[in-house]
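Contents: one structure, followed by commentary.
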Amino acid sequence: MSKEEFPGWHGTTIIGVRRGGEVVVAGDGQVSLGQTVIKGTARKVRRLSPGGQDVVCGFAGSTADAFTLLERLETKLEATPGQLARACVELAKDWRTDKYLSKLEAMLIVTDGDALLVVTGAGDVLEPENDIAAIGSGGNFALAAARGLMETDKDAEAIARAAMKIASDICVYTNGNLTVEKISK
């Protein structure tokens, strides 16, 4: 099968919600190839602990690419302890300029319980408005749902779970098998 004929890996929805002194990152478990669900229980949200720091990451895109980026992020975090934003900027610079890394297709949501950041291969390190970040094929659905839910008295985890439920009901590349990690500062 040529690259042009390859249907492409699709899907995932990752959301990060900050509220009440905690940040929750949730991700679905679906991996799709074209119109076929290959796996429904993938774990796309991970906890990293480089040098004793506690960081939660969620990724959308190619799994192998995301793991490469997570390994690089861990190295950057070890080199800049306690400086999540700096480590993410260094990762984004490498990702954009390195010949090998620039071909990687993924996006990350990263938090240390204080900062909530989206990191992309375009060199972006963004702190989203409204204390919500969402990426992936169902990201906009989850983002819209979470923004509406921020008007309620729900905590960060309840908002993330409800937003993911709504996204999974709309996006065919998102399922309801969630991995949820919570971190406080």
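We did not get these values from a lab; they are worked out from the coordinates using the rules stated. Keep in mind it's a predicted model, so treat the numbers as computed, not measured. Positions of Cβ are backbone-derived with ideal geometry, glycine not excepted, and every protein chain shown enters the neighbour counts.
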Ascending count of other beta-carbon atoms within 10 Å, so fewest first, for THR179, THR97: THR97, THR179
Ranking of GLU22, GLU71 by count of other Cβ atoms within 10 Å, fewest first: GLU71, GLU22
Fraction of alpha-carbon pairs over 28 Å apart in the chain - percent: 21
19 Å Cα cut-off, lysine pairs counted over the chain (separation 8 or more, or different chains): 11
Protection proxy ranking of 158-171, 36-49, 112-125 - average other beta-carbon atoms within 10 Å, highest first: 158-171, 112-125, 36-49
Electrostatic dipole magnitude of region 1-150 [Cβ: Lys, Arg +1; Asp, Glu -1; Cα centre; debye, to 20]: 200
Whole-Å distance, taken between Cα centres, linking region 12-51 and region 62-99: 18
Note, ³J(HN,Hα) from phi for region 62-78, Karplus 6.51, -1.76, 1.60, rounded to Hz, x at Gly and Pro: 5, 5, 4, 5, 4, 5, 4, 5, 5, 5, 5, 4, 4, 4, 5, 5, 5
Cβ-based exposure ranking for ARG19, ARG86, in which fewest neighbours within 10 Å come first: ARG86, ARG19
